[in-house]
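J.: Have a look at the structure that comes next, please.
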Amino acid sequence: MARACIFPGQGSQAVGMGRALAEHFHQARDVFAEVDEALGQPLSRLMFEGPVEELTLTANAQPALMAASLATLRVLEAERGLDLKRDVACVAGHSLGEYTALCAAGTFSIADAARLLRIRGTAMQDAVAPGAGAMAALIGADAETAQAIAAEAAEGAVCEVANDNGGGQVVLSGDKAAVERAVALAPGRGIKRAVLLNVSAPFHCSLMAPAAARMQRALVEVAMHSPVVPVYANVLAAPLTDPVAIREALVAQVTGTVRWRDCVAAMAAAGIDQFTEIGTGKVLTGLVKRIAAGASASAVGTPDDIAAFPAFG
């Protein structure tokens, strides 16, 4: 069997994330300490204790989710003998999870990944005035129908496909009025359900251009290495190993569509039949099961999950 490790994105955060790992394994504590030091903030305490309102802030949630995933991975390496280069064919992550995947594969250090995600989260939050943008999930939609709805709703404003998550879930993003028009149009286009999301900014659309410019400047300043396994890029749904191409894809990702359905389908077509979601939650595991028929998918994020994980080596 060929395995891919996948890493969750924003929305999977929860108070208490990573605490059990830190209580049981020094490898997890080491990761959290490194992230805290890199950010000059006790982010791990916020992860373990909350409050949820502060943890959910984009600038905190993004590095927190990366920290929880990398802590889990380091424990898997120590306790179960997992060797990414030997045992995994490729990696991928959803939105911010792409940074986690790259860190896991050795492109970034943990400290650099934490700092980049802090910059990314802050830049995305600052790109659009509060209340000016919105995002909406279309349930029971395919990407083509969602794109047609977005185009009709735009009326000269911004309304774009932000996430093609698969399993009939597509997310739109853009100017608030345009996204609200899309929600109103959706029932007449055969969409099962359309709902505005409780998010702080309209991610992954052209309104994020100022954030993309900030990330381009930040990424130039960071040492990047070729990953030990290919990383499937959100905006390309294709594997990358060249640091220059990876940097370009990360910049494009800020304003571009997260093509998660296409990423999973491409990995499955390349022979991946086992997907392991590493970190907090099981969102990606559920999506994989709906996209890649016949592939197995499981989530690892707690000490019990690690104990049940197969041993390698």
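J.: What tally of residues in the stretch 190-211 results from selecting those that are at pLDDT 95 or above, open to solvent by 10 Å² or more (accessible area, probe 1.4 Å) and either among the β-branched types (Val, Ile, Thr) or part of a helix (DSSP H, G or I) (or both)?
T.: Residues flagged as at pLDDT 95 or above, open to solvent by 10 Å² or more (accessible area, probe 1.4 Å) and either among the β-branched types (Val, Ile, Thr) or part of a helix (DSSP H, G or I) (or both) within the stretch 190-211 amount to 6.
J.: Looking only at the stretch 28-40, filter to residues that are open to solvent by 40 Å² or more (accessible area, probe 1.4 Å) and of a type outside the set (Lys, Arg); which one of those is nearest to Gly301 (Cα to Cα)? Before you say what the answer is, go through the steps one by one.
T.: Of the stretch 28-40, the ones open to solvent by 40 Å² or more (accessible area, probe 1.4 Å) are 29-30, 33-34, 37, 40.
If we keep only those that are of a type outside the set (Lys, Arg) as well, we get 30, 33-34, 37, 40.
Details: Asp30: 16, Ala33: 18, Glu34: 19, Glu37: 23, Gly40: 25 Å.
Taking the candidates together, the pick is Asp30.
J.: Continuing with the same structure: Within the stretch 257-276, can you find the residues that are over 15 Å from the mean Cα position of the chain (by Cα) and of a type in the set (D, E, K, R)?
T.: Answer for the stretch 257-276, where residues must be over 15 Å from the mean Cα position of the chain (by Cα) and of a type in the set (D, E, K, R): just Asp273.
J.: How do the strands (runs of 3 or more DSSP E) wholly within the stretch 221-313 filter down when requiring 1 or more residues that are over 20 Å from Val75 (Cβ atoms) and in contact (Cβ under 8 Å) with a residue 12 or more places away in the chain: which remain? It would help to see each step written out before you state the result.
T.: Values: elements: 231-233, 238-240, 274-278, 296-300.
Where strands (runs of 3 or more DSSP E) fall fully within the stretch 221-313 and carry at least 1 residues being over 20 Å from Val75 (Cβ atoms) and in contact (Cβ under 8 Å) with a residue 12 or more places away in the chain, they are 231-233, 238-240, 296-300.
J.: So for the stretch 237-245 (the condition being open to solvent by 30 Å² or more (accessible area, probe 1.4 Å), of a type in the set (A, V, I, L, M, F, W, C) and under 17 Å from Gln10 (Cβ atoms)), does at least one residue qualify?
T.: no
J.: Something else about it: Of everything in the stretch 292-313 that's closer than 21 Å to Asp262 by Cβ and under 23 Å from the mean Cα position of the chain (by Cα), which residue is modelled with the lowest pLDDT?
T.: Kept after step one, since they are closer than 21 Å to Asp262 by Cβ, are these residues of the stretch 292-313: 292-297.
From what's left, under 23 Å from the mean Cα position of the chain (by Cα): 292-293, 295-297.
Values: Ala292: 96, Ala293: 90, Ala295: 96, Ser296: 97, Ala297: 97.
Ranking the candidates gives Ala293 first.
J.: Kindly indicate whether any position in the stretch 277-291 is aliphatic (A, V, I, L, M), more than 19 Å from Leu82 (Cβ to Cβ), over 17 Å from the mean Cα position of the chain (by Cα) and open to solvent by less than 30 Å² (accessible area, probe 1.4 Å).
T.: Among the residues of the stretch 277-291, not one is aliphatic (A, V, I, L, M), more than 19 Å from Leu82 (Cβ to Cβ), over 17 Å from the mean Cα position of the chain (by Cα) and open to solvent by less than 30 Å² (accessible area, probe 1.4 Å), which makes the answer no.
J.: I would also like to ask the following. Hey, does the stretch 6-20 have a residue that's open to solvent by less than 70 Å² (accessible area, probe 1.4 Å), closer than 13 Å to Leu73 by Cβ and assigned to a helix (DSSP H, G or I)?
T.: no
J.: Test Ile139 against the criterion of being surrounded by fewer than 18 Cβ atoms within 10 Å (Cβ to Cβ) and modelled with pLDDT of 95 or more, and give yes or no.
T.: Numbers: surrounded by fewer than 18 Cβ atoms within 10 Å (Cβ to Cβ): yes; modelled with pLDDT of 95 or more: yes.
Spelling it out, Ile139 is indeed surrounded by fewer than 18 Cβ atoms within 10 Å (Cβ to Cβ) and modelled with pLDDT of 95 or more.
J.: Would you pick out the residues in the stretch 145-175 that are of a type in the set (D, E, K, R) and surrounded by fewer than 18 Cβ atoms within 10 Å (Cβ to Cβ)? Break it down into steps so the answer makes sense when it comes.
T.: Let us first name the residues in the stretch 145-175 that are of a type in the set (D, E, K, R), namely 152, 155, 160, 164, 175.
Listed by number, the residues that qualify are Glu152, Glu155.
Condition check ((1) of a type in the set (A, V, I, L, M); (2) open to solvent by 10 Å² or more (accessible area, probe 1.4 Å)) across all residues:
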residue: Ala59; (1), (2): yes, yes
residue: Arg74; (1), (2): no, yes
residue: Val91; (1), (2): yes, no
residue: Leu96; (1), (2): yes, no
residue: Ala111; (1), (2): yes, yes
residue: Ile119; (1), (2): yes, yes
residue: Gln125; (1), (2): no, yes
residue: Gly131; (1), (2): no, yes
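J.: Specify which of the listed residues (Asp126, Asp164) is charged (D, E, K, R) and under 16 Å from Gly256 (Cα atoms). Working first, answer last.
T.: Values: Asp126 fails: under 16 Å from Gly256 (Cα atoms).
On inspection, the qualifying residue turns out to be Asp164.
The values are calculated or read from the model by the stated rules, or taken from the named source; none is laboratory data. Please read these numbers as outputs of a predicted model, since none were measured by experiment. Neighbour counts run over all protein chains shown; Cβ positions are idealised from the backbone, glycine included. With ligands, DNA and RNA removed, areas are computed over all heavy atoms of the protein, side chains included. Shrake-Rupley method; radii C 1.70, N 1.55, O 1.52, S 1.80 Å.
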